[in-house]
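I have placed the structure first, in the form of structure tokens, so that the comments after it can refer back to it.
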Amino acid sequence: SQQGEEDPQALSIQEGENATMNCSYKTSINNLQWYRQNSGRGLVHLILIRSNEREKHSGRLRVTLDTSKKSSSLLITASRAADTASYFCATVITQGGSEKLVFGKGTKLTVNP
Amino acid sequence: EAQVTQNPRYLITVTGKKLTVTCSQNMNHEYMSWYRQDPGLGLRQIYYSMNVEVTDKGDVPEGYKVSRKEKRNFPLILESPSPNQTSLYFCASSLSWDRRYGYTFGSGTRLTVV
């Protein structure tokens, strides 16, 4: 079952611009995580934001969480060509009596030099 | 360096020939998991393990086996691979079983079954 849904599916911007990706989810969460994946490579953990947090920063990354709207956004400021990758949000759901981390299908970001 | 190591990176095999993809982590993580990634389907969990000798099915366990005899290793076994198991596989680990920490992923294994 799909929990996190990223929007847009694809985003193309120029170097130096900001990139914003959104994630919506359906059930209550303990935390929401963002990952980056360069083509064909493993996912890299970027930020984890807990349900009692509203905003978190890490370098050029800013993540917000709105639990009332069940949504999160990832902002990359002053983007670089090296930021070209797919970005996934992931949330924990309870299924069959156990908790599991479920990934959305991702936003493919292209930063043009 | 803290990491999850998967081997091999690439594998081409024939239908029915048993294979094992190894996964090892050096971070003393409790939780380990296998995912497969397919175009249009995203990442789907195959099996996971909350600690040594504790494993459970994910969303797509059919055709796969796992074991967790030691904390650091979590091999994925395909007893009789079929072409529909052609995919990109990832092993991941996390500090604790309750998903309160981020995952560390391996570099992936691209498997082709002909």
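The values are calculated or read from the model by the stated rules, or taken from the named source; none is laboratory data. From a predicted model like this one, the values you see are computed outputs, not experimental measurements. Glycine also receives a Cβ, built like all others from the backbone with ideal geometry; neighbour counts cover every protein chain displayed. The accessibility values were calculated without ligands, DNA or RNA, using every heavy atom of the protein model including side chains. Shrake-Rupley method; radii C 1.70, N 1.55, O 1.52, S 1.80 Å.
A few comments on the model shown:
- Look at the stretch B:101-108: the mean tally of other chain Cβ atoms within 10 Å of its residues' Cβ atoms is 6.
- Summing charges over all other residues whose Cβ lies under 13 Å from the Cβ of residue A:77, with Lys and Arg as +1 and Asp and Glu as -1, gives 0.
- Using a 1.4 Å probe over protein heavy atoms, the accessible area lost on pairing A with B, summed over both chains, comes to approximately 1800 Å².
- Over chain B, accessible surface divided per residue gives 47 Å², non-protein components excluded, 1.4 Å probe.
- For chain A, relative contact order (Cα pairs under 8 Å, six or more residues apart, normalised by length) works out to 38 percent.
- Which listed pairs, of A:105/B:65; B:18/B:69; A:26/A:108; A:26/A:105; A:26/A:69, have C-alpha distances above 18 Å, in listed order: A:105/B:65; B:18/B:69; A:26/A:108
- Net charge in the neighbourhood of residue A:5 (other residues with Cβ under 11 Å of its Cβ; Lys, Arg +1, Asp, Glu -1) is +1.
- The mean sequence distance of close C-alpha pairs (under 8 Å, at least 6 residues apart), as a share of the length of chain B, puts its relative contact order at 36 percent.
- Spin-label proximity, residue A:68 to segment A:17-41 - amide N less than 14 Å from point 7 Å beyond Cα toward beta carbon: none
- Estimated FRET transfer efficiency when R0 is 22 angstrom, pair residue A:51-residue A:22 (beta carbons, to 0.05): 0.80
- Shown for chain B: the carbon plus sulfur share of the solvent-accessible area, taken with all protein chains present and a 1.4 angstrom probe, equals 51%.
- Positions from segment A:67-113 whose accessible area shrinks by 50 Å² or more when the full protein complex is built, not the chain alone, probe 1.4 Å: A:99, A:100, A:101, A:103, A:105
- Taking a ≥ b ≥ c as the square roots of the eigenvalues of the Cα gyration tensor, chain A is classed as prolate, since a/c reaches at least 1.5 and a/b is larger than b/c.
- Summarising the label geometry, the points placed 7 Å from Cα in the beta-carbon direction at residue A:5 and residue B:77 lie 4.0 nm from one another.
- Taking a point 7 Å out from the Cα of residue A:58 in the direction of its Cβ, the residues of segment B:1-24 whose backbone N falls within less than 18 Å of it are B:2-4.
- For segment A:47-107, the solvent-accessible area with a 1.4 angstrom probe is 44 square angstrom per residue.
- Taking label points 7 Å from Cα along the Cα-to-Cβ direction, residue A:110 and residue A:41 give a separation of 1.9 nm.
- Computed E for residue A:12/residue B:69 - FRET, C-beta separation, R0 35 angstrom, nearest 0.05: 0.15
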